[in-house]
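Shown next, in structure tokens, is the structure this report addresses.
The values are calculated or read from the model by the stated rules, or taken from the named source; none is laboratory data. Because the structure is a prediction, the values reported are computed rather than measured. Heads up, the Cβs are rebuilt from the backbone with ideal geometry, glycines too, and the neighbour counts pull from every protein chain shown.
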Amino acid sequence: MVKDLLYVIPKEKHSEEDLKKILTCHPEIKFVSLIGIDLSGNDTDEKIPVKVFLEDIDTFLKGAVQTDGSSVVLPGIASLNNAKVDMLADKDVNWFVEYNYEHLDLETNKPVGTLRIPCFLYHDNKAVDSRHILKHSIEYFKSTLLDLFEKYPESLSSFGVKFEDIEDVVATCATELEFWVKTPNDKAHVEELSTSQVLQEQYWTRTKGAVRTSLEQTLLMMDAYGLEPEMGHKEVGGVKAKIDESGKFTHIMEQLEIDWKYSTGVQAADNELLARSIIKETFRRNGLDVTFLAKPIDGVAGSGEHTHFGIALKLKNGKRINLFSTTQNHFLSTFGYASIMGILKNYEVINPFVSSTNDSLRRLKPGFEAPVCIVTSIGHSVEIPSRNRTILIGVIRDLQSPLATRFELRAPNPHTNTYLAVAVLYLAMIDGIKYAVTNGKTEDDLLAELSKKPEADADYLEKGRAYRSEEDVFEDFTEEEREKFFGKAPATVYENLKAFDMYPEKKNVLIQGNVLDEKLINSFRLAVTKRWLIEITNRIMSNYSDEIRSCKMLHSIDKALDLDVANWMKINELRHYIMKDTYSKKSLFARIKIAIEAEHYDEVSNLQIELDEKIKELRDLYSLYKKNLIDIG
């Protein structure tokens, strides 16, 4: 950090007069960038000279700046013959100034800054971006909730307040960010990482060297931006670094986590975007690579981004009431139970927005503390809050601090589009709340329904499904039981997207209040499908090709045992099956490419599952083969 730099322009200072004064006093801020978030979660970035911004500031603040729709992911909306997209500044959130510490301003001797202004993207006079969808979702949630309070005043009776006492409904959110750090070009063996993970050798241990410096600098920088970091620590993944001749650490491969304070919905998502940028740039300046991939290394713990969210009432007398906390001898209030029921019932159509990449679904496998079942845990008793880490969504309660009660969704990852994920979560929550309030459901009623047996009928939740478990869902249920009670998790991106077709009544929950519509959902679906296919052909198959070619015959023919020969024959046969064509037979790679070209996406999905299984089989066989060799020819 550099003394006297400006890091934040709060929303109260977004008037033309204030901005001119601020930017004039900070000549090191040379550029302005409008930040829109498309449906894939990509943020726009451009360099507009501050001089241009100040000369036409009225247009930037009240009008629209145009961009080409081909630069953002809005398929089916911004087409080549209708590509104009307008960018409208959002004046209701904080604006941040990012600095290039490798480019000093000659006049001030300070790093050159760029004022990043969050904005909305409009096409044909309709907002089509992720930020606006989240804003609209929370506005709909608030207005619907206030209408329910006014029509059903008895729903507030347990809190001792009346509709007239309420000033505002506050939707809060926070994310936890996990990520992997390594020295460039270094690789660690999967078995070494896996062993360290099982032994928990890295979890919460001390950081050292460049990692410690980067982590400390990151937390200090986040504090300068007003993000109020709460903790940074080592996560479960990683191996011990080595020391070179100069005493510096090399072969760094570690997993870290950083947490910061909650905020309101849109601001929380903006804060996360900033936090990721701070982390990546700070570690890079210290010679370290950062990846936010959900599953950067197969067989080792992936990186999650647990998302916390809650609801509070702001009263006219200045007090706040957590709408999830109960005044009864219960785990949750009626609104808390109803909200979590809304999410669980509709999660099949929420999941595509949470897990939209190949990488995200690779992380969601049994055995890595990642959720695979649509199920919650609320605690064995009211007196003992639950910390069941095997479920999808948990209740975070502090008996000493009722205002801290919130939900934690454990499925998101660092590449989840937080704007869209939180937007659909609030839509699902209000669906559950409408059911509970309009039907006069009590805490007892809702707890009984949430805790129902699979075969039991229910007014809102589905027969044949269970939604609550206080057990370890991986250890105490078989795979067959998990799928029967809690639903089968999608194995591919395409399986996940098919939920929009399989559950039309649940998709209707997403389009209530016109927050989303068929066009936006279809655009999102097209974008995710395109990325899924490109990743398979250009990244997954390419990486697998390198891995397959690296599996070479290692034994000496004259010294090999029959077991070595047999092992190698199995390996070589599998290599050919996966990627080598003949005149009479197409390889697995070829069949995938043919199915993609024919747009047979169900077949592509099935072949992708087979490919992953075959690659795992190849890795296991090659590992056994190498371990049995003494002399390598």
request  = Tell me, please, whether a residue that is surrounded by fewer than 13 Cβ atoms within 10 Å (Cβ to Cβ), among the small types (Gly, Ala, Ser) and either closer than 21 Å to residue 134 by Cβ or in contact with an Asp or Glu (Cβ under 8 Å, 6 or more places away or on another chain) (or both) can be found in the range 456-468.
outcome  = yes
key: Qualifying residues in the range 557-600 (those that are more than 30 Å from residue 629 (Cβ to Cβ) and of a type in the set (A, V, I, L, M, F, W, C)) - the one surrounded by the fewest Cβ atoms within 10 Å (Cβ to Cβ)   = 598
ask   = Is it true that some residue in the range 49-61 is more than 22 Å from the chain's Cα centre (by Cα), surrounded by fewer than 16 Cβ atoms within 10 Å (Cβ to Cβ), free of Cβ contacts under 8 Å to residues at least 60 places away in the same chain and at positive phi?
value = no
query = Within the range 399-413, can one find any residue that is assigned to a strand (DSSP E or B), charged (D, E, K, R) and within 13 Å of the chain's Cα centre (by Cα)?
reply = yes
remark   = When restricted to 613, 617, 603, the only residue charged (D, E, K, R), out of contact with any Lys or Arg (no Cβ under 6 Å at 6 or more places or on another chain) and surrounded by fewer than 14 Cβ atoms within 10 Å (Cβ to Cβ) is 613
inquiry  = Filter the range 565-599 down to the residues that are touching a Phe, Trp or Tyr at 6+ places or on another chain (Cβ under 7 Å) and over 23 Å from residue 532 (Cα atoms) and list them by number.
reply    = 567, 568, 571
message = If I ask for residues that are closer than 26 Å to residue 137 by Cβ and not in a helix (DSSP H, G or I), which ones from the range 441-457 would you list?
response = 441
inquiry  = Six or more apart or on different chains, Cβ atoms under 7 Å: show the pairs whose first residue is in the range 265-277 and within 12 Å of residue 96 (Cα to Cα) and whose second is among the small types (Gly, Ala, Ser).
reply    = 271/263
ask   = Which ones in the range 435-445 are farther than 15 Å from residue 157 by Cβ and buried (at least 19 other Cβ atoms within 10 Å of the Cβ)?
value = 435
note = Subset of the range 159-195, residues in a helix (DSSP H, G or I) and either acidic (Asp, Glu) or at pLDDT 90 or above (or both), comes to 159, 163, 164, 165, 191, 192
remark   = Wholly inside the range 262-330, strands (runs of 3 or more DSSP E) that include 3 or more residues that are buried (at least 21 other Cβ atoms within 10 Å of the Cβ) are 307-315
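Yes/no matrix, rows are residues, columns are (1) in contact with a strand residue (DSSP E or B) (Cβ under 6 Å, 6 or more places away or on another chain); (2) modelled with pLDDT under 95; (3) in the same structural domain as residue 299 (by TED's automatic domain parsing):
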| residue | (1), (2), (3) |
| --- | --- |
| 197 | yes, yes, yes |
| 200 | no, yes, yes |
| 222 | yes, no, yes |
| 240 | no, yes, yes |
| 245 | no, yes, yes |
message = Under 6 Å between Cβ atoms, which residue pairs at least 6 apart in sequence (or on different chains) link something in the range 22-40 that is farther than 30 Å from residue 529 by Cα with a partner that is hydroxyl-bearing (Ser, Thr, Tyr) and at pLDDT 95 or above?
response = 31/114
ask   = For the range 593-606, what are the residues that are over 12 Å from residue 537 (Cβ atoms) and part of a helix (DSSP H, G or I)?
value = 601, 602, 603, 605, 606
inquiry  = Take the conditions surrounded by fewer than 21 Cβ atoms within 10 Å (Cβ to Cβ) and in contact with a Gly (Cβ under 8 Å, 6 or more places away or on another chain) and apply them to residue 44. Does it pass?
reply    = yes
message = Here is a list: 71, 130, 137. Which entry is among the small types (Gly, Ala, Ser), surrounded by 15 or more Cβ atoms within 10 Å (Cβ to Cβ) and modelled with pLDDT under 95?
response = 71
inquiry  = of a type in the set (D, E, K, R) and not assigned by TED's automatic domain parsing to the domain that holds residue 50: is that true of residue 107 in this structure?
reply    = no
query = Of all residues in the range 526-552, how many are more than 18 Å from residue 359 (Cβ to Cβ), touching a residue at least 60 places away in the same chain (Cβ under 8 Å) and either touching a helix residue (DSSP H, G or I) at 6+ places or on another chain (Cβ under 9 Å) or among the β-branched types (Val, Ile, Thr) (or both)?
reply = 2
request  = Looking only at the range 480-508, count how many residues are touching a residue at least 40 places away in the same chain (Cβ under 8 Å) and exposed (fewer than 13 other Cβ atoms within 10 Å of the Cβ).
outcome  = 1
Selected residue (only one of 64, 83 is modelled with pLDDT under 95, closer than 28 Å to residue 264 by Cα and in contact with an Asp or Glu (Cβ under 6 Å, 6 or more places away or on another chain)) = 64
